Every structure is written in C-alpha cells, then in structure tokens.
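Student: Below are the structure tokens for one structure; questions will follow.
The values are calculated or read from the model by the stated rules, or taken from the named source; none is laboratory data. Remember, predicted model here, so these are calculated numbers, not experimental data. Don't worry about glycine lacking a Cβ; one is built from the backbone with ideal geometry, like all the others, and counts go over all protein chains shown. The accessibility values were calculated without ligands, DNA or RNA, using every heavy atom of the protein model including side chains. Shrake-Rupley method; radii C 1.70, N 1.55, O 1.52, S 1.80 Å.
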Amino acid sequence: MFSSLLHQVKKFQWPLNQLSLINPNAIVRCVRQDKCGDRRFMKYSALNLLRQAMGGHKDWPRAWRDPEPKDAYDVIIVGGGGHGLATAYYLAKNHGIRNVAVVEKGWLGGGNVGRNTTIVRSNYLLPEELPFYEWSLKLWEGLSQDLNFNVMFSQRGVLNLVHSDAEVDAAVRRGNAMIMHGADAEFLSRDECVKMVPGIDDKNSRFPVYGGLLQPRAGNARHDAVAWGYARGADGYGVDLLQNCEVTGITRDRQGRVVGIETTRGKIRANKVGLAAAGHSGHVAAMAGLRLPIESHKLQAFVTEGLKPLVDTVVTFGHGHFYLSQSDKGGLVFGASLDGYNSYAQRGNLPTVEATIEAAMHLMPSIGRVRLLRHWAGVMDMSMDGSPFICKTPIDGLYLNAGWCYGGFKATPASGWCFAHTIANDEPHAYNAHYTLDRFARGYAVDTKGVGAQPNLH
C-alpha cells in the first residue's frame, strides 16, 4: 500500500518533502489505519487526503462510533459538551483510563459548547484564576495538532475598552497581574484602539474611549470543531460516546457511595461518576441528594448577516459588558449580559435584546444599518462568586465540573485536563485546587468582580 502511494506521489511530481503538514519521520504512521474497538481510526494528514482523493473520498471512516452501552465502566462522564468530552479525552490520553463512557441526553455538542460566542482568553486578575486560564490558553495553542482536528483557533487578540480614569487604573492593574503570571498584556492608548478598530465611537459623549487592555494571544475558535475534535479524539482511545442517553437517576450503595447511573437506555455501573452538565448540573446532582450553590440563568448570543471584513479582533465595550467579533462567514457575533432571572430556556427575552443592541450602537454606531439574522440563549450554571467548581464532592465516587458562568468555552481544554486529573488521582491539580465546593464555608470565595454572593451579578 505504502509503495503504491509513493508511486502515485511521484506520478504527480510532488516532492515528498514539500507536502505540507507532513513530518517526514512519521509518514508510515500517517497512512496507517489503527484499530480501536471495532472501527478504523484514520489520521487526518496531507498524505491521507491525497490517498482518499484518488479513491473519490469513499473510504473515510466515521469520525466516531455509535456504540451500545456496556454494563459497567471505570468512569462515566455525564454531559457530552466540550468539558465532558475533553475530560474523557484526557482521562484516556494522560491517565490511561480508557474504559470510559460519556452519556449525553441529546447529541454531542448540542448544549452550550455550540451556543456561545467562541471567545478564548486568559485576561483574568486573581492568582486563583490566572494560572488556570493561562494553562487553558496554552492548550488551545496546540489543540489542533494534539487532536489531529482543526479547531480553527484564531489568535486575533481580545481588546477590552475602558471609559474612565478608574477603568484605566483597573485595566493596568489587571494587565500587570497577567504579565506577572506569564500571560501577555498590553495597554493601548485611545488612538491605538481607534487604529485597531476603526469603527468604534471613541468620542462618545457618554462613554468616551480612554484606551484598552489588549491580549494579543487571545482570540476565537470554532465551537463545533472543538466538540467534534474532542469526541473523535476520545473515541480514538476507545471511549464510548452514548448519545440520546438521558440520566434519570444516580445509584448509590448502602454506604452512600455512587456506584452507577440510571438512564433511558438502562442502568450502567461505574466506579466513578463525573458531572459536566453545565446549566443542568443542579438538576443532575440532586439525583444523588446533592444541592449545589449554583443557579441556572440564560445568556443570549446574536449573529448578523454576512459583511465584508469589519472587525479583525475581539472587542469589548467595558462599561456596558458587550463583546463583538466577526466570524469567518462575515457575520458579526456578539453578546452582553444575562437575562436576569432563573430559566432553563434556550431562548431569550426582548428587553435583553434591546439592551444588547443599545450597547452595540454605543460601541459602533455603523452596526445600526446591519440586519440581525438570529439570536439564541445558552443555559448558564452561575455560581455564587462567578468561579467554577472542579472537585470531588462530599459523596464518595461523585465528581463535579460546574459553575462556569461566562467562562466555560475558553476553559474547555484546561477544564477537561484538570477534571481528568482530579478523577484519576482523587485529588485536584494545583490549577484547580481553589475551585472546591467548600470554599464558601471556609471564606475563600474567588470573586474577580467583588460584587458579592449573587449569581446574576457575575
């Protein structure tokens, strides 16, 4: 097979050392079809693309299997979104735990991971947060190569505009904290902000632009591709991805330890169960008798008609909590604040639509001529201090990944990486050691905004 392929390459007179994306020392590995369970796992590469093109692209295997549930697993992850899939992937890759199932009540990536505004950044302030999010950004930078799947991570930068002297001081303080923890940050003057984003209204009489904090390494990624890449990677290690498998109960033994779950596809035993159900975490945890300090709120996102290039970075209107970027298809993607009341609905209300559009007009008046295509909402798991939980719970055998508020998508790689470490070792990694359920009882809230224990304020 390999000699035949080399013959075809020579036939087209393409020197082997000029084929992009190929490591000459790994050519054999690129074209080998590994066995994983009952399916073929084919590495995506230039050589395999050429090989499939010669055969009319008829022999590509499925990206992942659709298996039947086993009777038992070492670990079950509840939630087939970005965090759940990333956890399963790193359990298999980093810790060698491959007898793992991810159970999802709908389809993989159908929740918040596919309903967000795709922003990736690590521009946080507190020492409990910065190392975690900076590690996540570093994982993002190599994620496409690691997963052998293009997640379309574009490091176009994130620019946080500021509109008063007090906001300038706060931005400079945050930038210095970022630099001290190894992240990148640069404070731009008003003229530099206008040069970078020409359409902003820098002389707005109510919210004049004083400058902006830029993180050049931040940017955007394709949300669907992140879910698909982690799903394909986890399946490649033998993880079972169980779609249309809703959890209806959590089984505990006489000592109170979690020993499995009940689903619409039957009972499944497990040594450990990890919850990564985002806005439905409270509902699922209650099945085990655990009440979580989180509330479910909805957060809207918006997209406009396709436009010619207008914004080549991510820009935020700091005074109004509004964020904007432009997708590869040309649509402006933006969002603002929570709707302000508890809900499981994946749709938003009109007052929040109005408030979001008003913020857009304050930032960039030219947006007023653009037609809005659609808007939707994600169900946010809002914690009391605006920070997540990645920890063991008081119930033996049950682990929690929840409370992500606005920060879920950007944290996907580090969240899965740290949650896998916690499950495998029964203790947290240093990056998530502060994200425990008992931090409120101990008086160690991780509250960047400093607004207190009220979820809708974060």
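Student: Can you tell me which residue in the stretch 298-334 is farthest from THR118 (Cα to Cα), limited to those that are in a loop (DSSP other than H, G, I, E, B) and of a type in the set (Gly, Ala, Ser)?
Tutor: Taking the stretch 298-334 as the starting set, the residues that turn out to be in a loop (DSSP other than H, G, I, E, B) are 307-313, 321, 327-330.
Now drop any that are not of a type in the set (Gly, Ala, Ser), which leaves 327, 330.
Working: SER327: 10, GLY330: 15 Å.
Among those that are in a loop (DSSP other than H, G, I, E, B) and of a type in the set (Gly, Ala, Ser), it is GLY330.
Student: Is it true that some residue in the stretch 344-365 is among the hydroxyl-bearing types (Ser, Thr, Tyr) and open to solvent by less than 40 Å² (accessible area, probe 1.4 Å)? Step through it out loud before you land on a result.
Tutor: At the first step, the residues of the stretch 344-365 found to be among the hydroxyl-bearing types (Ser, Thr, Tyr) are 344, 352, 356.
Narrowing the set further to residues that are open to solvent by less than 40 Å² (accessible area, probe 1.4 Å) leaves 352, 356.
Yes: the stretch 344-365 contains one or more residues that are among the hydroxyl-bearing types (Ser, Thr, Tyr) and open to solvent by less than 40 Å² (accessible area, probe 1.4 Å).
Student: Please work out which residue is farthest from the chain's Cα centre (by Cα), limiting yourself to the stretch 101-132 and to residues that are open to solvent by 10 Å² or more (accessible area, probe 1.4 Å) and of a type in the set (Ser, Thr, Tyr).
Tutor: The qualifying residue farthest from the chain's Cα centre (by Cα) is TYR124.
Student: Take VAL284 and decide whether it is out of contact with any helix residue (DSSP H, G or I) (no Cβ under 6 Å at 6 or more places or on another chain) and more than 15 Å from TRP107 (Cα to Cα). Write out each step before concluding.
Tutor: Numbers: out of contact with any helix residue (DSSP H, G or I) (no Cβ under 6 Å at 6 or more places or on another chain): yes; more than 15 Å from TRP107 (Cα to Cα): yes.
Criteria met by VAL284.
Student: Suppose we filter LYS93, LYS58 for residues that are in contact (Cβ under 8 Å) with a residue 40 or more places away in the chain, open to solvent by 10 Å² or more (accessible area, probe 1.4 Å) and of a type in the set (Lys, Arg); which single one remains?
Tutor: Working: LYS58 fails: in contact (Cβ under 8 Å) with a residue 40 or more places away in the chain.
One residue alone meets the criteria, LYS93.
Student: Hey, another quick one. Which condition does VAL311 not pass, out of (1) within 23 Å of GLY212 (Cβ to Cβ); (2) free of Cβ contacts under 8 Å to residues at least 40 places away in the same chain; (3) among the aliphatic types (A, V, I, L, M), if it passes all the others?
Tutor: Of (1) within 23 Å of GLY212 (Cβ to Cβ); (2) free of Cβ contacts under 8 Å to residues at least 40 places away in the same chain; (3) among the aliphatic types (A, V, I, L, M), only one is false for VAL311: (2).
Student: Given the conditions (1) hydrophobic (A, V, I, L, M, F, W, C); (2) closer than 23 Å to ARG173 by Cβ; (3) at pLDDT 95 or above, which single one is not true for PHE207?
Tutor: (3)
Student: If you don't mind, another one. Does SER415 count as of a type in the set (S, T, N, Q) and over 30 Å from GLY260 (Cβ atoms)? Give the derivation first.
Tutor: Numbers: of a type in the set (S, T, N, Q): yes; over 30 Å from GLY260 (Cβ atoms): no.
In short, no.
Student: Take the residues of the stretch 147-159 that are outside any loop (DSSP other than H, G, I, E, B) and open to solvent by less than 20 Å² (accessible area, probe 1.4 Å): which is nearest to SER327 (Cα to Cα)?
Tutor: Start the filter on the stretch 147-159 by keeping residues that are outside any loop (DSSP other than H, G, I, E, B), which leaves 147, 154, 158-159.
From the residues that got through so far, the ones that are open to solvent by less than 20 Å² (accessible area, probe 1.4 Å) too are 147, 158-159.
On the way: LEU147: 22, VAL158: 14, LEU159: 16 Å.
Restricting to residues being outside any loop (DSSP other than H, G, I, E, B) and open to solvent by less than 20 Å² (accessible area, probe 1.4 Å), the top hit is VAL158.
Student: Another question about this same structure. Within the stretch 318-343, take every residue that is closer than 22 Å to PHE207 by Cβ, open to solvent by less than 10 Å² (accessible area, probe 1.4 Å) and touching a residue at least 40 places away in the same chain (Cβ under 8 Å) and give me the one that is farthest from the chain's Cα centre (by Cα).
Tutor: PHE322
Student: So, restricting to strands (runs of 3 or more DSSP E) that lie completely within the stretch 209-296, which ones have at least 3 residues that are closer than 27 Å to ALA445 by Cβ and open to solvent by 10 Å² or more (accessible area, probe 1.4 Å)? Spell out the reasoning first.
Tutor: On the way: elements: 211-215, 240-242, 247-252, 258-263, 266-275.
In the stretch 209-296, there are no strands (runs of 3 or more DSSP E) which contain 3 or more residues that are closer than 27 Å to ALA445 by Cβ and open to solvent by 10 Å² or more (accessible area, probe 1.4 Å).
Student: Sticking with this structure for a sec: Please determine whether any residue of the stretch 296-316 is under 23 Å from ASP381 (Cα atoms) and acidic (Asp, Glu).
Tutor: Checked against the condition, which is being under 23 Å from ASP381 (Cα atoms) and acidic (Asp, Glu), the stretch 296-316 yields no hits at all.
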